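Below is a structure I'd like to ask you about.
The values are calculated or read from the model by the stated rules, or taken from the named source; none is laboratory data. Just so you know, these numbers come straight off a predicted model, no measurement behind them. FYI the Cβ positions are ideal-geometry reconstructions off the backbone, even for glycines, and counts take in every protein chain you see.
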Amino acid sequence: MTDRTLILCKPDAVERQLVGEIVGRFEAKQLTLVALELRQLDTATAEAHYGEHAEKPFFGELVAFITRSPLVAMVIEGPEAYKVARNLIGATNPREAAPGTIRGDLAIEMGENLVHGSDSPESAAREIELFFPNLA
Ligand code: IDP
Ligand code: MG
């Protein structure tokens, strides 16, 4: 069975010129690109994307971070895509993320952890609709 998930190479990834490295890890795993765009998020889209965290103390910081400069949004496809992608991304706190994962290898601060991946099939569907409403 083939599934789709949303990935964001966050602004820190673009700033640090790590987009190629990150996209390459998903491609090497044999997840297929079906959409990809460089764009800068407006506040409303960022707040909608991270709505589940609206009550958290770091929400304002998170929205400021994700909107501060362009990011690369993409949809990738493959068997259990969201789960496979989350395993490649690694733990939220990069200091606890396993070596070999994107965050484990390339990040050190929680607020600058390079990449987002949807956390369930339901989140993937919602986030893909938010970022790529015209995707077939
Ligand atoms: P995830 O990105 O691994 O799914 P979530 O818990 O959904 O992690 O949190 C979303 C994002 O919010 C994280 O990737 C991280 O950038 C940021 N974040 C999460 N927890 C904290 C925190 O305690 N302090 C600051 N930023 C945080
Ligand atoms: Mg999350």
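Identify, from the list LEU71, LEU135, LEU106, the residue that is farther than 16 Å from LYS10 by Cα, touching a residue at least 40 places away in the same chain (Cβ under 8 Å) and out of contact with any Ser or Thr (no Cβ under 6 Å at 6 or more places or on another chain).
LEU135
Evaluate the following for TYR82: is it within 15 Å of the chain's Cα centre (by Cα), within 18 Å of LEU135 (Cβ to Cβ) and aromatic (Phe, Trp, Tyr)?
So TYR82 passes the test.
Moving on. On the given criteria, is GLU122 away from ligand 1 (no atom under 15 Å from the Cβ) and either touching a Leu at 6+ places or on another chain (Cβ under 7 Å) or within 19 Å of THR5 (Cα to Cα) (or both)?
On the way: away from ligand 1 (no atom under 15 Å from the Cβ): no; either touching a Leu at 6+ places or on another chain (Cβ under 7 Å) or within 19 Å of THR5 (Cα to Cα) (or both): yes.
No, not satisfied.
Another question about this same structure. Residues that are within 15 Å of ligand 2 (Cβ to nearest atom), surrounded by 15 or more Cβ atoms within 10 Å (Cβ to Cβ) and modelled with pLDDT of 95 or more, at least 3 per element: which strands (runs of 3 or more DSSP E) completely within segment 21-136 meet that?
115-117
For a quick check of your reading of the model, give me the residue pairs whose first member lies in segment 52-67 and is more than 21 Å from GLU122 (Cα to Cα), whose second is basic (Lys, Arg) and near ligand 1 (Cβ under 10 Å from one of its atoms), with beta-carbon atoms closer than 9 Å and at least 6 apart or on different chains.
Taking only residues 6 or more apart or on different chains, the pairs are LEU62/LYS56; PHE65/LYS10; ILE66/LYS10.
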